[in-house]
Amino acid sequence: MTTDASSKTLLITGASKGLGKVIAEYYLDKGWSVFGCARSESQIEHDNYQHFQLDITSPEQVATLFKDIRKYTKHLNALINNAGIASMNAFALTPSHTFEKVFATNVHGTFLFCQKALGMLKRANSSCIINMTTVAVPLQLEGEAVYAASKSAVETLTQIIAKEYGVFNIRCNAIGPSPIQTNLIRSVPKDKIDKLIDHQAIKEMATPEDVTNLVDFFLSPASKMITGQIIYLGGISK
Amino acid sequence: MNQSEIQDIIYQAIEMANNVREDDKQIPKGVDTALYTKDGHLDSMGLVGFLIDVEELFLDEDIQIALSDEKAMSQKNSPFKTVQTLTDYIETLL
């Protein structure tokens, strides 16, 4: 991979599968240099793609990742905190270790990347962070208390980071996809998905392209006044 | 790395800060330049941005230092008062 000061660079977590892989490939097709990371190996083969395997909840491993990325580029135009884990269980039955695991990945992981990427995002002069949330937050879905609570925390981080990083010309927004056929919802029963879609203004299953469209919108230089915003797909709002 | 080399990096960070500051808000380069004091050139977020730039410039030299940590920010005798105090502080971290 070769980059220079004019290269558009993106770092995305959870890049080995699902939405993360789709977004990484989409921006590679658009000519960006993409750094992806995940716990697992990547199947993306591209000259402008560099993959890193790590645990995003480890401050030491995240620090090493940024040190390694600096060997390729000094700046980042975009950071997408896509890695996340879901948990479906009645609140009363949710084990404590599930809470810790979900919050570690969804909240602590996002925290670490937003913090460690600051210097490289700042160097891009104008850059953007996109965090991933869920419609489980506005819909307050039963059986998803821990997952939704973790994403509520991500939304609050997003809005406060937007305020604090605004002075550095770094924007921070979040996307809350409605149900999409990815690994994350593979085990969710069909009737539950149907019920969820019934809450939407647009009663359809979303596609990965609906998400890349929104990512495009947030990353567009024309969106220079858009920060601290949470957008849910399907017409769901708080 | 000696004090003069550390100061060169701090001055580079001052230049970066000056690039986005108004003409009448430029930060002079000098060891006595007040950074984060009552009458200093940086407010709290300005200091954060400045320290991030200094950290990045050290990373360019393959040196990792953490300036903007809670402990340093809350020290009674702030290491961020002037270019000289910042230089002295960085020297202790290397």
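The values are calculated or read from the model by the stated rules, or taken from the named source; none is laboratory data. These numbers come from a predicted model, not from an experiment. Cβ placement follows ideal geometry from the backbone for every residue including glycine, while neighbour counts extend to all protein chains displayed. Surface areas here come from the heavy atoms of the whole protein model, side chains and all, with no ligands, DNA or RNA. Shrake-Rupley method; radii C 1.70, N 1.55, O 1.52, S 1.80 Å.
Scan (1) surrounded by fewer than 17 Cβ atoms within 10 Å (Cβ to Cβ); (2) in contact (Cβ under 8 Å) with a residue 24 or more places away in the chain; (3) in contact with a His (Cβ under 8 Å, 6 or more places away or on another chain) for the single condition B:Thr33 breaks and write down its number.
Of everything listed in (1) surrounded by fewer than 17 Cβ atoms within 10 Å (Cβ to Cβ); (2) in contact (Cβ under 8 Å) with a residue 24 or more places away in the chain; (3) in contact with a His (Cβ under 8 Å, 6 or more places away or on another chain), B:Thr33 misses just condition (1).
Kindly provide the set of residues from the range A:139-153 that are free of Cβ contacts under 8 Å to residues at least 60 places away in the same chain and aliphatic (A, V, I, L, M), ordered by number.
Of everything in the range A:139-153, those that are free of Cβ contacts under 8 Å to residues at least 60 places away in the same chain and aliphatic (A, V, I, L, M) turn out to be A:Leu141, A:Ala145, A:Val146, A:Ala148, A:Ala149, A:Ala153.
I'd like to verify a number: residues in the range A:120-131 that are open to solvent by less than 10 Å² (accessible area, probe 1.4 Å) and either farther than 19 Å from A:Asp68 by Cα or more than 14 Å from chain B (Cβ to nearest Cβ) (or both), how many?
Pass one, the range A:120-131, residues open to solvent by less than 10 Å² (accessible area, probe 1.4 Å): A:120-121, A:127-131.
In the following step, the residues that additionally are either farther than 19 Å from A:Asp68 by Cα or more than 14 Å from chain B (Cβ to nearest Cβ) (or both) were identified as A:127-131.
Counting residues in the range A:120-131 that are open to solvent by less than 10 Å² (accessible area, probe 1.4 Å) and either farther than 19 Å from A:Asp68 by Cα or more than 14 Å from chain B (Cβ to nearest Cβ) (or both) gives 5.
Just checking, does the range B:72-92 include any residue being in contact with a Ser or Thr (Cβ under 7 Å, 6 or more places away or on another chain) and free of Cβ contacts under 8 Å to residues at least 40 places away in the same chain?
Initially, the range B:72-92 is screened for residues in contact with a Ser or Thr (Cβ under 7 Å, 6 or more places away or on another chain), giving B:79, B:81-83.
Of the ones still in play, those that are also free of Cβ contacts under 8 Å to residues at least 40 places away in the same chain are B:79.
Yes, there is a match, as at least one residue in the range B:72-92 is in contact with a Ser or Thr (Cβ under 7 Å, 6 or more places away or on another chain) and free of Cβ contacts under 8 Å to residues at least 40 places away in the same chain.
Take A:Lys30 and tell me if it is out of contact with any Asp or Glu (no Cβ under 7 Å at 6 or more places or on another chain), at pLDDT below 95 and open to solvent by 60 Å² or more (accessible area, probe 1.4 Å).
The answer is no for A:Lys30.
Against the condition within 14 Å of chain B (Cβ to nearest Cβ), open to solvent by less than 20 Å² (accessible area, probe 1.4 Å) and either over 16 Å from the mean Cα position of the chain (by Cα) or not polar (S, T, N, Q) (or both), how does A:Ala117 come out, does it pass?
It is true that A:Ala117 is within 14 Å of chain B (Cβ to nearest Cβ), open to solvent by less than 20 Å² (accessible area, probe 1.4 Å) and either over 16 Å from the mean Cα position of the chain (by Cα) or not polar (S, T, N, Q) (or both).
Out of A:Val215, A:Val154, A:Val167, I need the residue that is modelled with pLDDT under 95 and either hydrophobic (A, V, I, L, M, F, W, C) or within 14 Å of the chain's Cα centre (by Cα) (or both). Which one?
On the way: A:Val215 fails: modelled with pLDDT under 95; A:Val154 fails: modelled with pLDDT under 95.
From the options A:Val215, A:Val154, A:Val167, the qualifying one is A:Val167.
Across the range B:36-51, which residue is surrounded by the most Cβ atoms within 10 Å (Cβ to Cβ) among those that are within 18 Å of B:Gln7 (Cβ to Cβ) and among the aliphatic types (A, V, I, L, M)?
Looking at residues that are within 18 Å of B:Gln7 (Cβ to Cβ) and among the aliphatic types (A, V, I, L, M), I get B:Leu51.
Are there any pairs with C-beta distances below 7 angstrom linking a residue in the range A:30-41 that is in a loop (DSSP other than H, G, I, E, B) to a residue that is surrounded by 24 or more Cβ atoms within 10 Å (Cβ to Cβ), with the two at least 6 apart or on different chains, and if so which?
Final answer for the pair search is A:Trp32/A:Thr9; A:Trp32/A:Leu10.
Would you list the helices (runs of 4 or more DSSP H) that sit entirely within chain B and hold 1 or more residues that are within 14 Å of another protein chain (Cβ to nearest Cβ) and under 21 Å from A:Lys67 (Cα atoms)? Before you say what the answer is, go through the steps one by one.
On the way: elements: B:3-19, B:44-60, B:70-73, B:83-93.
Fully inside chain B and qualifying: B:3-19, B:44-60.
Which residues, taken from the range A:62-95, are without any contact (Cβ under 8 Å) to a residue 60 or more places away in the chain, more than 14 Å from every other protein chain (Cβ to nearest Cβ) and open to solvent by 80 Å² or more (accessible area, probe 1.4 Å)?
A:Phe91, A:Ala92, A:Leu93
Yes or no: A:Lys74 farther than 22 Å from A:Ala145 by Cβ and in a loop (DSSP other than H, G, I, E, B)? Give the derivation first.
Values: farther than 22 Å from A:Ala145 by Cβ: yes; in a loop (DSSP other than H, G, I, E, B): yes.
Judged against the criteria, A:Lys74 is a match.
Among the residues that make up the range A:189-210, is at least one of them touching a helix residue (DSSP H, G or I) at 6+ places or on another chain (Cβ under 7 Å), farther than 19 Å from A:Ala83 by Cβ, among the basic types (Lys, Arg) and not in a helix (DSSP H, G or I)?
yes
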